[in-house]
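Okay, so here's the structure we're looking at.
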Amino acid sequence: MKSGQALFIVFASLLFTWAGQIALGYFQVGRLEPILNEETNYTEPPVPSGLAQTGARVFASQGCLECHSLSVRGPSGSADLTRGWGPRRTVPRDYLFREPALIGSSRIGSDLSNIGLRIPDSKDLMLHLWNPRLRNSNSTCPPHPWLFERKVAGPKIENDALPLPTKDWKQILPKYQAKSLVAYLQSLHSDYALPEAPIK
Amino acid sequence: MTTAIPTFSKATAAATILLVGSVSWALLGAGLQVLSTLQLLIPALAYVLPIPWISYGKLAPLTTFLFTYGWITSGFLGVLTILIPRISGIPFRYGRILGSAAIIWQVAVLVGLAEILWNGSTGLISMPFSRSVTALFFLSFIVLGTGLSRGLGRSWKSGPLLPRLYLLGALIAFPLGLGTAELLLRGGLAPGALQIMMQFVWNSFVHHLWLTPLALVLLFQLLPVLTGRPVGSLSLGILCWVATITLGGWIGNSLASEGPVPSWLQSAGVVTTLLLGVAVWGNGTLLKPLLEGKWEECRRQVALRFLAVGLWSYLASYAWLAFLALPAVRQTTTFTMVGQATQTLLLFSFYGNVLAGAVYALLPASRMIGWPSHPTLTIHFWFSTIGLTLIASSYALAGFFQGLALNDPGVPMSTISSYLRPFLCTVLVGQVLWWIGQLSFSTLFFASLLKLFPSVAPVAIFPVDYDEQPQPVRQGQH
């Protein structure tokens, strides 16, 4: 075999790989558009707030993905729906506004695609981040206390302090990272129907 | 036979830097990996020591990064820098530039490490680092890759063909894959689910179009030389090469189960994984006969021993991937620890053993040193082999139990965590054993580099040092 032939084969097969997956994939999922809900005038999936978009990066950087997935599978061959991980399976359109779009690799913990429905209250989510065992004494989810700071309670009442007893008059306050992460977790819900994924 | 006076090739410095980096990253990664398994095994640790940089969420992506880009890639580039000029007979020219490129690679790994520790991973599969690290990898690769491609030679009339073909494929696939992944994932060109598909494609590129071909360069070059037997059928070899580079980039999608990847692409992933399994089996029929009846040599020659285990792991890894691609199996095993079993097989058993064998075979040729026949060699082999067997089998079993339990909605998540605990214990034992093996290898490696041991005659892989007089290769396929 001559080197020119070899070079040709390599380029042709890599082109095939690339065109076959990314270019075809682009025509299929790269051009998806959100659906406009005529009643609410909001798009589905909804556009997340700026805070939630920052939170997506915090979620990635804290490595939550090492234990939590972001993809609910359908009823055939998986128990995701019966576990209550979501009202329907996840489809490509759900990731439309995710930046970065992530799926996760392992389910040591539960799927979080709909955690905004399961734990809608921001205080509960904050408490879980501070110490998961406050909500579930058996929890194996690691605590993330570095997302919080202890501060002496000022004269004005801090609205976002965790509802925990103070120590040396110090309250536990979420840092910006914790606030954005919670906003992101709250933005995770697929309770809207899509043409390709109706809610039964 | 080697000459008494060492003649240093221009690329010796580069090769040494790459190998020293590789060995050091492996040691560090192995230590951190033990820590990360401990975190998973004893969740209370996170309460006792709430330190962000040693959290499981940081350590897990960090160790994968260190092993993939630090240990294996740097190591492969290092041994290839020794090997390639010698098989082509074309010595490297710009030693300093190559050396700087080797340093840049290590700097890139160091920056990536610091980034993941301080800022965390980007969450992207096989791309946990920032754009600046990509830029450094590119810079280093352009120099090292150009050097290596020069070693491919212009006319391929003489010398081995299959190692060259695999090297060519890898050298083109790596920059192409990294470039497109960077553009699509961070250049804002790919919206939503397309990003996830791109991550799977890039993950396939890194493993099946970059590291696997590089490992095959080493297997196809070193096994014939060490055993003194040529590869049987060149045309079958070429066929398998074409199949490997055509199919390798597709198989990542076989592991996505439903979710964001269109179903036709998942089916394509399954079909390509099965077909690739056939190609790997074909390569197996070419390489296995080289080792037939060579037990005694495998026992005596440490390089051959590691390469033999590497070859078996190559076949096992792809058989395992084909098994996992079967739809019924996939439904149970997606999002479970089976993923870690695959990583252990591919990264540690296949690439890692081929790399160790290549270092044992090639370092003497480059540095004019021999490996002392030392109990440390035995420790390295047995501790790492037993360690890896424990790790891979525990992760695989754990993953299957985890998958079955996840598919039973009556089992709460915290109960599943407790099911995993005994398996994680054996994983931990395996990881400690592997670390000890790696520690003994590193001791030997650094002691040999510093010439602390009285040298035994090195295994003669190359008849002469080609710095002096280029000659065609002694054996291999013509």
Matching option when the condition is modelled with pLDDT of 95 or more, β-branched (Val, Ile, Thr), crowded, with 24+ Cβ neighbours inside 10 Å and in a helix (DSSP H, G or I), among B:Thr285, B:Thr244 | B:Thr244
Which one is farthest from B:Pro175 (Cα to Cα), of the residues in region B:190-248 that are β-branched (Val, Ile, Thr), more than 10 Å from every other protein chain (Cβ to nearest Cβ) and within 19 Å of the chain's Cα centre (by Cα)?
-> B:Val217
Single unsatisfied condition, A:Asn114 versus (1) surrounded by fewer than 23 Cβ atoms within 10 Å (Cβ to Cβ); (2) at the interface with chain B (Cβ under 8 Å from one of its Cβ atoms); (3) under 30 Å from A:Gly25 (Cα atoms); (4) of a type in the set (S, T, N, Q) = (2)
Would it be correct to say that A:Arg73 is in contact with a Leu (Cβ under 9 Å, 6 or more places away or on another chain), facing chain B (nearest Cβ under 9 Å) and of a type in the set (D, E, K, R)?
-> yes
Taking A:Leu14 as meeting all but one of (1) in a loop (DSSP other than H, G, I, E, B); (2) at the interface with chain B (Cβ under 8 Å from one of its Cβ atoms), write down the number of the exception.
-> (1)
Any idea which residue in region B:384-417 is surrounded by the most Cβ atoms within 10 Å (Cβ to Cβ), counting only those that are within 8 Å of chain A (Cβ to nearest Cβ) and of a type outside the set (A, V, I, L, M, F, W, C)?
-> B:Gln402
Here the residues within region B:254-268 that are surrounded by 24 or more Cβ atoms within 10 Å (Cβ to Cβ) and modelled with pLDDT under 70 are B:Leu255
Just checking, which of B:Leu40, B:Leu27, B:Leu45, B:Leu59 is away from every other protein chain (no Cβ under 13 Å) and either aliphatic (A, V, I, L, M) or free of Cβ contacts under 8 Å to residues at least 24 places away in the same chain (or both)?
-> B:Leu27
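For every residue, the table says whether it meets (1) crowded, with 18+ Cβ neighbours inside 10 Å; (2) in contact with a Gly (Cβ under 9 Å, 6 or more places away or on another chain); (3) not in a helix (DSSP H, G or I).
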residue: A:Ala101; (1), (2), (3): yes, yes, yes
residue: A:Ile108; (1), (2), (3): yes, no, yes
residue: A:Lys123; (1), (2), (3): no, no, no
residue: A:His128; (1), (2), (3): yes, no, no
residue: A:Leu164; (1), (2), (3): no, no, yes
residue: A:Gln186; (1), (2), (3): yes, yes, no
residue: A:Asp191; (1), (2), (3): no, yes, yes
Residue tally, condition touching a strand residue (DSSP E or B) at 6+ places or on another chain (Cβ under 7 Å) and of a type in the set (Lys, Arg), over region A:76-118 | 3
Does region B:288-309 contain any residue that is free of Cβ contacts under 8 Å to residues at least 40 places away in the same chain and within 26 Å of A:Leu14 (Cα to Cα)?
-> no
Would you check if there is a residue in region B:318-336 being within 30 Å of B:Ala15 (Cα to Cα) and touching a helix residue (DSSP H, G or I) at 6+ places or on another chain (Cβ under 6 Å)?
-> yes
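Yes/no matrix, rows are residues, columns are (1) farther than 27 Å from B:Leu59 by Cα; (2) hydrophobic (A, V, I, L, M, F, W, C); (3) within 12 Å of chain B (Cβ to nearest Cβ); (4) touching a residue at least 12 places away in the same chain (Cβ under 8 Å):
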residue	(1), (2), (3), (4)
A:Pro45	yes, no, yes, yes
A:Leu51	no, yes, no, yes
A:Pro87	yes, no, no, yes
A:Glu99	no, no, yes, yes
A:Ile103	no, yes, yes, yes
Within region A:33-41, identify whether any single residue is more than 8 Å from chain B (Cβ to nearest Cβ), touching a Ser or Thr at 6+ places or on another chain (Cβ under 8 Å), surrounded by fewer than 21 Cβ atoms within 10 Å (Cβ to Cβ) and closer than 25 Å to B:Leu265 by Cα, and answer yes or no.
-> yes
Would you point out which residue out of B:Ala325, B:Ala308, B:Ala341 is under 22 Å from the mean Cα position of the chain (by Cα) and within 18 Å of B:Leu216 (Cα to Cα)?
-> B:Ala308
Number of the condition not met by A:Leu112 [criteria: (1) over 17 Å from A:Gln186 (Cβ atoms); (2) in a loop (DSSP other than H, G, I, E, B)] = (1)
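The values are calculated or read from the model by the stated rules, or taken from the named source; none is laboratory data. Here the structure is a predicted model, which means the values were calculated and not measured. Neighbour counts run over all protein chains shown; Cβ positions are idealised from the backbone, glycine included.
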